[in-house]
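Please read the structure below before turning to the comments.
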Amino acid sequence: MEQIERNTHLPTRIAKQFAQRIHDGALKPGDKLPTEHAMAQSFGVSRTVVREAIAQLRNEGLVETRQGVGAFVVERQFRHIRLEDGQRMDKHAFSDLFQLRVPLEIEAAGIAAAHHRAEHLIQLDDSLARIALPLDWNTEGVAADLDFHRIIAQATGNEYFPQFIGAIADRVGHVIIAAREQTMPDEIRAITITEHTAIRDAIRARDPVAARQAMRFHLTGSAQRVGLALQFYN
């Protein structure tokens, strides 16, 4: 496997390599991916990073995971969205991204509050715990943050939300890293935990209005941390 550059969002890079092999037909439906241990050794990363990469592939509908067995390529029954990533983002690109995130993720939070299942709350709690105690702030920390938002998308029960949010995960990762470069680590960690906890609490309370408000507050803060002022029209 190709060694991964350390200054990139590692899970996304690994997911991209496997996605390309699936699209090219090198990996076919039913084929099993290498084990987490084998992938971690091949790419020179931790198993946590590998798990996040597999989660991205699963969210994009490219693989399925079987408990105790591994990850397998699935038959694609409809087209999934995949953006070319890896390009450095400027302020204009950040602005464009937030124009999409605002309606998409605010609505997802509200729907998740109404339709989530018990397992989604467990998964949100797990991602929050990983945000609080990441081993590496720019890998595991970013992975946990992105995972939190993908779980919300899945909790909507609408397959399109995880497709769209999974497609922009790499770009969102750039925003998270850029925000952390502007703020002291302990401060940004505390802010991140507070904002995500408010979203989780509103979803747990099955309060769509509060969940939407909490996500709006989080996205506004996230934009401000990269020098943007969001405009709302309602």
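All of the numbers you see were taken from the coordinates with simple rules; none came from a lab. Note that the structure is a prediction, hence the values are computed from the model and not measured. Glycine gets a Cβ as well: all are built from the backbone with ideal geometry, and neighbour counts include every protein chain shown.
Could you order the peptides 193-199, 94-100 from most to least packed, using the average number of other C-beta atoms within 10 Å per residue?
By packing density, highest mean first, the sequence is 193-199, 94-100.
Show me, for region 216-221, the HN-Hα J-couplings you get by feeding each phi into the Karplus relation (A = 6.51, B = -1.76, C = 1.60, θ = phi - 60°), rounded to Hz, glycine and proline as x.
For region 216-221, the Karplus curve yields 4, 4, 5, 5, 4, x Hz.
Using amide H atoms built 1.01 Å from N in the peptide plane, name the residues 5+ places from V63, or on other chains, whose amide H lies under 5 Å from its own.
Hits under the 5 Å cutoff: R58, V74.
Calculate, in nm to one decimal, what Q41 and A190 gain on full extension: separation in residues at 0.36 nm each, minus their alpha carbon distance.
Computed gain between Q41 and A190 is 50.4 nm.
What nm distance separates the two modelled labels at R66 and D31, each placed 7 Å from Cα along Cα→Cβ?
So the two model labels end up 1.7 nm from each other.
Sort 168-174, 148-154, 38-44 for me by packing, meaning the mean count of neighbouring Cβ atoms within 10 Å per residue, highest on top.
148-154, 168-174, 38-44
Starting with the fewest neighbours, write out Y160, Y233 ranked by other beta-carbon atoms found within 10 Å of each beta-carbon.
Y233, Y160
Figure the gain on full extension for N158 and Q224 (residue separation times 0.36 nm, minus the Cα-Cα span) and round it to one decimal in nm.
Fully extending the segment from N158 to Q224 adds 20.8 nm.
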